[in-house]
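The values are calculated or read from the model by the stated rules, or taken from the named source; none is laboratory data. Just so it is clear, the model here is predicted, and its values are computed rather than measured. Cβ placement follows ideal geometry from the backbone for every residue including glycine, while neighbour counts extend to all protein chains displayed.
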Amino acid sequence: MEESMNGCVIHGLRGYGFQCLTIEVRVLSSFGTFGCAVYLTLRDCHLFRFQVFVRDFVPSALAFLMNGEPEIVKNFLLKTLRLQSIEKRIDCFTLGEGVMPASFKVLHDPARKTDTMIADFGESAIGRVAPVDSGFWWIILLRAYTKSTGDHSLADMPDCQRGMRLILTLCLADGFDTFPTLLCADGCCMVDRRMGIYGYPIEIQSLFLMALRSAKSLIKAEGEGKEFLERIDKRLHALSFHMREYFWLDHQQLNNIYRFKTEEYSHTAVNKFNVIPDSIPDWIFDFLPLKGGFFIGNVSPARMDFRWFAIGNFMAILASLATSEQAAAIMDLLEARWPELVGDMPLKVSYPAMEGHEWRVVTGCDPKNTRWSYHNAGSWPVILWMLTAACIKTGRPQIARRAIEQVETRLAKDGWPEYYDGKLGRYVGKQARKFQTWSIAGYLVAKMMLEDPSHLGMIGLEEDKKMKPSLTRSASWTA
């Protein structure tokens, strides 16, 4: 009897979630045909938001694709693509042509009965940072739409082909880089405030590789596209090698870094980034188990950021940036450090939290990113969909099931908050918005993916045999 009641509650939770998602997405983005009357009815509703963020819409888009409503996603892709062609200026400086908007809002004129889309390319963002991830998410979502519907006509449109090439032109242009990774400013992705991720953040590198692989399957091998495909292949090979070789950390690699010599010159150097072993934080020695590993947050000259970043690691699994051994090791780490990385409410966006002097220096005394809050090791339910997809891809659905069960005990009851605070994620975030769309969508996508694992095909990529693993040893082993 109790099990039956629980089943009804969960079924109702899913239905309510889709109802909220449908109302907000259709009205906000003008994707539906509700019109002015519904807009006026909902303008004061607690569900209504005035800004649509590209990255935030991705789980909503996946939910609609899984629910057999691809038209909303198609319209979103086309509308955001049109915004790409707008001239982007911050003060006297013009941004690159391929930059996609971080967000847009829809302004409705009831007198003229018209809608106008106003895009933000970073000129209104906190810190005025352009969104590096938006273009990658757009390409990834275009592939998801194509895989889900089997409709290649959208991706084959000249405008979409050009849009992908413009995005990739920004990333593949020649410059002063000595690494295949992308150099980025702080706040350029989901971690959108100053958090010390400047340089080569794992989230951007994983999304970059996934976008390259997605574009490779969508760009037509004719005209300009043929040259781009050749450049993509070269970059994929270099990027996958670099990430697997220098960003990967397990017990054996940590021991190697601990024993590094410094000030090595020439191409024979082992410590190629001249990382000082004394800079290794104490916490990582206790945190990293003998069985398990992960891609660290950042690698640049004389600097390694040993923090765990959930999105970068889960997307590395989905993009097959992680080898099968590395993907298994990430799952092993998650199980071994469940209280730290999952806690009472999945899922820590980063770990551990910065506090004290480090927090003051790195965040600039950011009052929103206090310890165990927001992006400073806060817990974000939206990441549940990425975890679930990674679990299915690695053959570990029981991990996702455990996390979903934890979410179902509280998320709806707490009002679908944006994030949770505390070491275990036990408290609704001090500035968390309620009835947050991507918290709802993240749960829905995770639930539907677990019920029908075939949905993984739209977001997961199989390993490319050309991207040969550089590691011969097992990335996760039993001592």
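What to note about this one:
- Glu245 being under 21 Å from Gly292 (Cα atoms) and buried (at least 21 other Cβ atoms within 10 Å of the Cβ): no
- Which numbered condition Asp174 misses (of (1) over 27 Å from Val362 (Cβ atoms); (2) touching a helix residue (DSSP H, G or I) at 6+ places or on another chain (Cβ under 8 Å); (3) assigned to a loop (DSSP other than H, G, I, E, B)): (2)
- Entry remark, the range 259-290: residues being out of contact with any Asp or Glu (no Cβ under 7 Å at 6 or more places or on another chain), exposed (fewer than 12 other Cβ atoms within 10 Å of the Cβ) and in a loop (DSSP other than H, G, I, E, B) number 8 in total.
- All of (1) among the aliphatic types (A, V, I, L, M); (2) touching a helix residue (DSSP H, G or I) at 6+ places or on another chain (Cβ under 6 Å); (3) without any contact (Cβ under 8 Å) to a residue 24 or more places away in the chain hold for Leu290 with one exception: (3).
- Any chance Leu78 is closer than 29 Å to Gly460 by Cα, hydrophobic (A, V, I, L, M, F, W, C), surrounded by fewer than 19 Cβ atoms within 10 Å (Cβ to Cβ) and modelled with pLDDT of 90 or more: yes
- Within the range 388-397, the presence of a residue that is under 30 Å from Phe260 (Cβ atoms) and surrounded by fewer than 19 Cβ atoms within 10 Å (Cβ to Cβ) is excluded.
- Of all residues in the range 384-424, those satisfying the criterion of being of a type in the set (Lys, Arg) and part of a helix (DSSP H, G or I) are Lys393, Arg401, Arg402.
- Counted residues, the range 325-368 - those being among the polar types (S, T, N, Q), under 20 Å from the mean Cα position of the chain (by Cα) and in a helix (DSSP H, G or I): 1
- Any hit, the range 136-153, residues being touching a strand residue (DSSP E or B) at 6+ places or on another chain (Cβ under 8 Å), surrounded by 15 or more Cβ atoms within 10 Å (Cβ to Cβ) and at pLDDT 95 or above: no
- Scanning the range 426-454 for residues that are of a type in the set (Gly, Ala, Ser) and in contact with a strand residue (DSSP E or B) (Cβ under 8 Å, 6 or more places away or on another chain) yields Gly429, Ala432.
- Matching option when the condition is more than 23 Å from Pro381 (Cα to Cα), touching a residue at least 40 places away in the same chain (Cβ under 8 Å) and of a type in the set (A, V, I, L, M), among Met304, Met345, Met331, Met315: Met304
- Test: Arg371 is of a type in the set (Lys, Arg), assigned to a helix (DSSP H, G or I) and free of Cβ contacts under 8 Å to residues at least 60 places away in the same chain: no
- Some residue of the range 211-219 being surrounded by fewer than 23 Cβ atoms within 10 Å (Cβ to Cβ), closer than 30 Å to Leu288 by Cβ and in contact with a Ser or Thr (Cβ under 7 Å, 6 or more places away or on another chain): no
- Residues that are more than 19 Å from Tyr351 (Cβ to Cβ) and out of contact with any Leu (no Cβ under 9 Å at 6 or more places or on another chain), drawn from the range 189-219: Leu207
- Whether a residue is free of Cβ contacts under 8 Å to residues at least 12 places away in the same chain and either within 20 Å of Ile232 (Cβ to Cβ) or out of contact with any strand residue (DSSP E or B) (no Cβ under 7 Å at 6 or more places or on another chain) (or both) was assessed, and Gly98 does not pass this test.
- Only residues that are in contact (Cβ under 8 Å) with a residue 12 or more places away in the chain, over 23 Å from Gly460 (Cα atoms) and in a helix (DSSP H, G or I) were counted across the range 192-242, and they come to 2.
- Checking each residue in the range 94-138 for being of a type in the set (S, T, N, Q) and over 22 Å from Arg165 (Cβ atoms) picks out Ser103, Thr114, Thr116, Ser124.
- When the range 243-258 is limited to residues that are touching a residue at least 60 places away in the same chain (Cβ under 8 Å) and not in a helix (DSSP H, G or I), the one that is farthest from Leu318 (Cα to Cα) turns out to be Asp250.
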